[in-house]
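The values are calculated or read from the model by the stated rules, or taken from the named source; none is laboratory data. Computed from a prediction, not measured in an experiment: that's the story for all the values here. For neighbour counting, all protein chains shown are included, and Cβ atoms are generated from backbone atoms with ideal geometry for every residue, glycine included. In case anyone asks, the SASA skips ligands and DNA or RNA and just uses the protein heavy atoms, side chains included. Shrake-Rupley method; radii C 1.70, N 1.55, O 1.52, S 1.80 Å.
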Amino acid sequence: RRQRQMCIRDSSNHLPSGGRIMTKENIYYMDDNAFDRFYKRARYQANSFVAGKLGSKAADYLTTLPDFAYLVCKLMLDPDVPSSRKLDLGFALLYVLSPLDLVPDSFPLLGKIDDAYAILVSVAKLLRSTDRNIILRHWLGDPETIDTVRAWLNYFDEKLGSGLMKKLAGMIKRA
């Protein structure tokens, strides 16, 4: 698989964790499309502004949620990501857009919880089952953020997801 090449390389801008510090010179790749360039330019400007006012840690937190949306879009287009995970997310999006819900949207807050759960579960499956190198190919933030999120997803899956379902199934078989 072809490696992405940055238009301008600056080896002094690497983090100890292996990630890149975003500078105006290194935010673009040669194969970026117009959306990638727009997003990266907006991210850089927002990050620089917030870092100047509140510090770099606050700037990193500000860009994390949009970076996850960008990451999910890029993973959905990546041929190296398992098709089954793309279908999971596609079905979750259809469920959210569908007028039929397990909990009707007319109930305040509760009506949105089932939609959020469907999206979170499918994104969690996507992030847990996709190779870390594929994720990092598209992730714009610090690689430690992805590792932390994946660790939390595994923890919650064990406590609330498939781990809980396995425990319940075991209890039912014993009964």
Residue match in the range 53-75 (condition: at pLDDT below 85 and of a type in the set (Lys, Arg)): yes
Residues of the range 125-136 satisfying the condition of being surrounded by 13 or more Cβ atoms within 10 Å (Cβ to Cβ) and either within 27 Å of Ser56 (Cα to Cα) or more than 13 Å from the chain's Cα centre (by Cα) (or both): Leu127, Arg132, Ile134, Ile135, Leu136
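To keep it simple, each residue is scored yes or no on (1) under 25 Å from Pro79 (Cβ atoms); (2) in contact (Cβ under 8 Å) with a residue 60 or more places away in the chain; (3) not polar (S, T, N, Q).
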residue	(1), (2), (3)
Asp114	no, no, yes
Tyr117	no, no, yes
Val123	yes, no, yes
Leu126	yes, no, yes
Ile135	yes, yes, yes
Gly141	yes, yes, yes
Cβ-Cβ under 7 Å pairs, at least 6 apart or on other chains, the range 78-102 side closer than 20 Å to Arg128 by Cβ and at pLDDT 90 or above, far side open to solvent by 60 Å² or more (accessible area, probe 1.4 Å) and outside any helix (DSSP H, G or I): none
Every residue from the range 49-60 that is part of a helix (DSSP H, G or I) and farther than 27 Å from Asn33 by Cβ: Gly52, Lys53, Leu54, Ser56, Lys57, Ala58
Residue in the range 163-175 that is under 26 Å from Asn47 (Cα atoms) and open to solvent by 80 Å² or more (accessible area, probe 1.4 Å) present: no
Entirely in the range 111-175, the helices (runs of 4 or more DSSP H) that have 2 or more residues that are among the hydrophobic types (A, V, I, L, M, F, W, C) and modelled with pLDDT of 80 or more: 132-138, 143-160
Those residues of the range 78-92 which are assigned to a helix (DSSP H, G or I) and either within 19 Å of Gly141 (Cα to Cα) or open to solvent by less than 70 Å² (accessible area, probe 1.4 Å) (or both), in sequence order: Ser84, Arg85, Lys86, Asp88, Leu89, Gly90, Ala92
Only one of Pro99, Pro66 that is open to solvent by 40 Å² or more (accessible area, probe 1.4 Å) and outside any helix (DSSP H, G or I): Pro99
Residue match in the range 137-158 (condition: under 16 Å from the mean Cα position of the chain (by Cα), hydroxyl-bearing (Ser, Thr, Tyr), under 30 Å from Ala46 (Cα atoms) and open to solvent by less than 40 Å² (accessible area, probe 1.4 Å)): no
